[in-house]
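Chemist: One structure follows; several queries about it will come next.
The values are calculated or read from the model by the stated rules, or taken from the named source; none is laboratory data. What you are looking at is a predicted structure, and each value in this text was computed from that prediction instead of being measured. With ideal geometry, Cβ positions are generated from the backbone for all residues, glycine too; neighbour counts draw on all protein chains shown. For the accessible areas, the whole protein counts, side chains as well, though only heavy atoms, and no ligand, DNA or RNA atoms are used. Shrake-Rupley method; radii C 1.70, N 1.55, O 1.52, S 1.80 Å.
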Amino acid sequence: MLQIGEFAGLTGLSVKALRHYDEKGVLVPAEVDDLSGYRRYGESQVRAGVVARALRDGGVPLPAVAAVVATGGASDALTAHRRRVLEDRAREDHAFVAAEDVLRALAAPVSVVEREVDAQPFVGQAISVRVDDAESLSDEDANAVFGELFEQLQASNLGPSGQFWTTLRAGERGTVEVICCWPTLIKVDDEWGGPQTFAGILPARTDLVATWRPTEGETLPDGAAHPAVVALFDAVADRKIELGGLEVSQTVLGQSEQDYAVDVSVTIEPR
């Protein structure tokens, strides 16, 4: 039998670690003196101690080490742990790159101006998503709505008369609404397009508009706040503008992925 100090010296495990492993049931000594409480280990436990030390040095969690000591499979446990570590590292690397992309995009200059906007008739359709699941809304969802509205407008000879836009506004019971809108040539009846579609006229107004152009090769991570939105609210704060409500509109200007700009706006004054 081996005293705890001797066993520690042979296996490379500290006495403190051995006591902890005993308490957790990972590596239980062969004998414990009832009077002194001294722990003694069998010679056959040396291998288990060395394996436990190797696995812990490799970062294998203690419950997995306990399972190996009890049933074997050290190589499988180490391989599984390495796979998890590499997967975690890949996620961390992805998150690091995404954070760099966001900070680089936020550092790019954004033009913010006040713009006088004439009254504009439009039709729109709302996509409602839960606030805690807003990132699940994909470009494909919005594009499908825009495509359907476009075809209806073309078939009715109502336009569209310009570039589409989206407006974000608060919904009910923990939801947000993304409103997909097309400008029309004339005012459209409310019944046009079916129950999911609505029509209206945006009044003449003064908008505060932030325009962002990506640098060559610029990308934004999914779910990241757009730099134009951040710059817009910086300007709202700097100008001490009191917004009547949170309705942020976004328009993509341009015809290709290589040459485009993003306009984000809020209304600051009716006309």
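Chemist: Would segment 223-235 turn up any residue that is open to solvent by less than 90 Å² (accessible area, probe 1.4 Å), more than 19 Å from Val110 (Cβ to Cβ) and touching a helix residue (DSSP H, G or I) at 6+ places or on another chain (Cβ under 6 Å)? Even if it seems obvious, please write down each step before you answer.
Modeler: Of segment 223-235, the ones open to solvent by less than 90 Å² (accessible area, probe 1.4 Å) are 223-235.
If we keep only those that are more than 19 Å from Val110 (Cβ to Cβ) as well, we get 223.
Okay, now just the ones that are also touching a helix residue (DSSP H, G or I) at 6+ places or on another chain (Cβ under 6 Å), so 223.
Yes, some residue in segment 223-235 is open to solvent by less than 90 Å² (accessible area, probe 1.4 Å), more than 19 Å from Val110 (Cβ to Cβ) and touching a helix residue (DSSP H, G or I) at 6+ places or on another chain (Cβ under 6 Å).
Chemist: Failed condition for Asp190, given (1) under 24 Å from Val145 (Cβ atoms); (2) open to solvent by 50 Å² or more (accessible area, probe 1.4 Å); (3) touching a residue at least 24 places away in the same chain (Cβ under 8 Å); (4) among the acidic types (Asp, Glu), with all others met?
Modeler: (3)
Chemist: Can you find a residue in segment 130-148 that is modelled with pLDDT under 95, part of a strand (DSSP E or B) and open to solvent by 20 Å² or more (accessible area, probe 1.4 Å)?
Modeler: For segment 130-148, residues modelled with pLDDT under 95, part of a strand (DSSP E or B) and open to solvent by 20 Å² or more (accessible area, probe 1.4 Å): present.
Chemist: Look through Arg239, Arg213 and report the one residue that is basic (Lys, Arg), more than 20 Å from Val102 (Cβ to Cβ) and open to solvent by 40 Å² or more (accessible area, probe 1.4 Å). Quick ask: steps written out before the conclusion?
Modeler: Details: Arg213 fails: more than 20 Å from Val102 (Cβ to Cβ).
Only one candidate passes the filter, namely Arg239.
Chemist: Please identify the pairs in which a residue from segment 156-185 that is within 19 Å of Thr251 (Cβ to Cβ) and touching a residue at least 24 places away in the same chain (Cβ under 8 Å) has its Cβ atom under 9 Å from the Cβ atom of a residue that is among the acidic types (Asp, Glu) and open to solvent by 50 Å² or more (accessible area, probe 1.4 Å), counting only partners at least 6 apart or on another chain.
Modeler: Thr167/Glu247; Leu168/Glu247; Arg169/Glu247; Val178/Asp141; Ile179/Glu247
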